[in-house]
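Just below is one structure, and these are the notes that go with it.
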Ligand code: TYD
């Protein structure tokens, strides 16, 4: 039986979700009655990390949108089976930097693949498993892209190189999904200072853990 929980961290590029996740990990480790595991997509296990390298390679400019979607789904399946499910069975809390909603936002709304197809493929890859809570770090595309350009330590990937209008569709797509599933999503204004975003996120996570303990 699965007794653990999944919290996914989502948002457009440059929203700062990874920094927030890393800084709140110790807080969650303190509060959660079990182990807290942090992982990411695409990747998280060796096979999925190899798929990640193929997807994000800046030289792969000829990659077709459906190929891209299928590769994300393949990486997700392997990650779920090899890492996420065993942790859930042990009752652990799994924090994922991007999950199913990234495919709906980027390949669905961003690339223009029908979201009904993306939803189906997500369901197929995860056997219908969804996060218990999804935090959406929302930021205007111009702000997100400016942050990426300023951050010299960040590796630039193929998706970062997309034009502003693709990033804007991704952002709007995320907001649409969040509206459709208000019980699962909490939207955080990530245009605030990093300290304020961390504080707002901490409050939401503590309330969630309190309720679900
Ligand atoms: P990454 O360097 O992990 O970006 P970030 O730090 O913003 O999370 O690269 C992941 C990229 O892959 C990011 O641009 C979003 C994209 N992506 C999709 O397009 N679809 C997906 O299903 C996933 C998981 C990620």
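Just so you know, in region 93-106 the residues that are in a helix (DSSP H, G or I) and more than 6 Å from the ligand (Cβ to nearest atom) include one that is nearest to residue 48 (Cα to Cα), and it is 100.
Conditions (1) under 30 Å from residue 34 (Cβ atoms); (2) crowded, with 17+ Cβ neighbours inside 10 Å, marked per residue:
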site	(1), (2)
98	yes, yes
107	no, yes
113	no, yes
145	no, yes
158	no, no
177	yes, yes
194	yes, no
212	yes, no
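Here the condition is being in a helix (DSSP H, G or I) and within 12 Å of the ligand (Cβ to nearest atom); of 88, 69, it holds for 69 alone. Among residues of region 55-81 that are within 28 Å of residue 38 (Cα to Cα) and touching a residue at least 24 places away in the same chain (Cβ under 8 Å), those with a beta-carbon under 6 Å from a residue that is more than 12 Å from the ligand (Cβ to nearest atom) and part of a helix (DSSP H, G or I) at least six positions away or on a different chain give the pairs 78/47. Summed over region 160-175, the residues that are buried (at least 16 other Cβ atoms within 10 Å of the Cβ) and over 16 Å from the mean Cα position of the chain (by Cα) give a count of 4. Is it true that some residue in region 135-143 is part of a loop (DSSP other than H, G, I, E, B) and either over 27 Å from residue 22 (Cα atoms) or within 14 Å of the ligand (Cβ to nearest atom) (or both)? So far as region 135-143 goes, yes, one or more of its residues are part of a loop (DSSP other than H, G, I, E, B) and either over 27 Å from residue 22 (Cα atoms) or within 14 Å of the ligand (Cβ to nearest atom) (or both). Could you please let me know if residue 119 is at pLDDT 95 or above, under 30 Å from residue 32 (Cβ atoms), under 17 Å from the mean Cα position of the chain (by Cα) and near the ligand (Cβ under 9 Å from one of its atoms)? Considered against the rule, which asks whether it is at pLDDT 95 or above, under 30 Å from residue 32 (Cβ atoms), under 17 Å from the mean Cα position of the chain (by Cα) and near the ligand (Cβ under 9 Å from one of its atoms), residue 119 comes out as no.
Scan region 26-43 for residues that are in a loop (DSSP other than H, G, I, E, B) and within 12 Å of the ligand (Cβ to nearest atom) and the total you get is 3. Being under 14 Å from the mean Cα position of the chain (by Cα) and within 12 Å of the ligand (Cβ to nearest atom) holds for only one residue in 75, 125, and it is 75.
Residue 80 falls short of the stated requirement of being farther than 28 Å from residue 212 by Cβ, within 13 Å of the ligand (Cβ to nearest atom) and under 17 Å from the mean Cα position of the chain (by Cα). The residues on offer are 23, 19, and the sole one that is over 16 Å from the mean Cα position of the chain (by Cα), more than 9 Å from the ligand (Cβ to nearest atom) and more than 16 Å from residue 83 (Cα to Cα) is 23.
The values are calculated or read from the model by the stated rules, or taken from the named source; none is laboratory data. Note that the structure is a prediction, hence the values are computed from the model and not measured. We place every Cβ from the backbone using ideal geometry, glycine too, and count neighbours over all the protein chains shown.
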